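Chemist: One structure coming up, written as structure tokens, with questions to follow.
The values are calculated or read from the model by the stated rules, or taken from the named source; none is laboratory data. Treat the numbers as computed from the prediction; the structure is a model and nothing was measured. So basically every Cβ, Gly included, is an ideal-geometry build from the backbone, and we count neighbours across all protein chains shown. The area values use the complete protein model at the heavy-atom level, side chains included, leaving out ligands, DNA and RNA. Shrake-Rupley method; radii C 1.70, N 1.55, O 1.52, S 1.80 Å.
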Amino acid sequence: MKDTIRGVIEFIKLQPKYLLGLVIACIVLLFAPDAFLKYIGLYKFAHEYRMWISIVFLIAGSLLMAHILDDFYRTKVLVKRKIKEGRKYLHNLTNQEKTILGSYIYYKTKTMNFRLSDGVVQSLVNKYILYQASNTGAHNQYPFNIYDWAWNYLNEHPELVNIPMDELGI
């Protein structure tokens, strides 16, 4: 019984590409014309194990759909929520955060170097405003990029980082 449970758990952990392969194989076995199944030598197998193939199809298809929906949720819903929270946060920046983000806007760059140990920078990373662009740096300085949404929003609202419009050339 333990082996069966272990086998089911391992099946559930399959990556989507393998689940897709199983779904496609099941579709062929379940819905291909009999002449084709006879030609590839799977006619007897497909008809003898039709119920089990159907069960695998339903389970693999459901798991694949769950992966797709989870990926959609993570990429669309959670990112939108983080951006919404980030925009709200940009209206309540500390002076140190304004200085850091203002530098991106003032120098018209999307990449700047900071120490990994800089707590203010790490706070902006945690707020989905900046991200570490590379794991390699020089002189204890690492490149940090500003997310496109934050770049665009701060360029539209430079007052959030105390940069007068005339200094931006707008």
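Chemist: Just the Kirkwood number for region 1-76, please: inverse of mean 1/r across all distinct Cα pairs, in Å, one decimal.
Modeler: 13.7
Chemist: Now, a different point. Under 10 Å, Cα contacts only: if you run a Gaussian network model on the chain, which one of ILE68, ILE129, ILE55 comes out with the highest mean-square fluctuation?
Modeler: ILE55
Chemist: Still on this structure, please answer the following. Mean-square fluctuation check for the chain, GNM, Cα pairs under 10 Å: which of PRO158, PRO33, PRO16 is largest?
Modeler: It is PRO33.
Chemist: Give the angle, between 0 and 90 degrees and rounded to the nearest 10, that separates the Cα long axis of helix 50-72 from the longest principal axis of the Cα atoms of the chain.
Modeler: The angle comes out at about 10 degrees.
Chemist: Using a 1.4 Å probe on the protein heavy atoms only, what accessible surface does SER117 show? Give it in Å² to the nearest 10.
Modeler: 90
Chemist: So what are the radius of gyration and Dmax for the Cα set of region 69-170, in Å?
Modeler: 14.2, 46
Chemist: Another question about this same structure. In what sequence, largest accessible area first, do ILE40, ILE24 appear using a 1.4 Å probe?
Modeler: Numbers: ILE40 70, ILE24 95 Å².
These residues rank, largest area first, as ILE24, ILE40.
Chemist: If you put +1 on each Lys and Arg Cβ and -1 on each Asp and Glu Cβ, how big is the dipole of region 85-170 around its Cα centre, in Debye rounded to 20? Don't skip to the answer; put the middle values down first.
Modeler: Numbers: 7 positive and 8 negative charges, 46 e Å.
Computed about the Cα centre, the dipole is about 220 debye.
Chemist: Once the Cα atoms of helix 2-12 and of the chain are each reduced to a long axis, what angle between those two axes, in degrees from 0 to 90 to the nearest 10, is obtained?
Modeler: Tilt of helix 2-12: around 60 degrees.
Chemist: In region 47-141, carbon and sulfur make up what percent of the accessible area (probe 1.4 Å)?
Modeler: Heavy-atom surface of region 47-141 belonging to carbon and sulfur, 1.4 Å probe: 57 percent.
Chemist: Given a 1.4 Å probe and heavy atoms of the protein chains only, how would you sort MET65, MET112, largest accessible area at the top?
Modeler: Working: MET65 100, MET112 40 Å².
Order by accessible area, largest first: MET65, MET112.
Chemist: Holding the Cα-Cα limit at 22 Å, pick out from LYS76/LYS127; LYS98/LYS127; LYS17/LYS82; LYS13/LYS84 the pairs that are longer than that. Mind showing how you got there, number by number?
Modeler: Details: LYS76/LYS127 17 Å; LYS98/LYS127 14 Å; LYS17/LYS82 28 Å; LYS13/LYS84 33 Å.
Long pairs (Cα-Cα over 22 Å): LYS17/LYS82; LYS13/LYS84.
Chemist: Rank these residues by their accessible area, most exposed first, probe 1.4 Å: LYS17, LYS76, LYS98.
Modeler: Ranked from most to least accessible, the order is LYS17, LYS76, LYS98.
Chemist: Tell me, in nm to one decimal, what length is gained between VAL125 and TYR89 on full extension, where the rule is 0.36 nm per residue of separation less the Cα-Cα distance?
Modeler: In short, 11.7 nm is gained.
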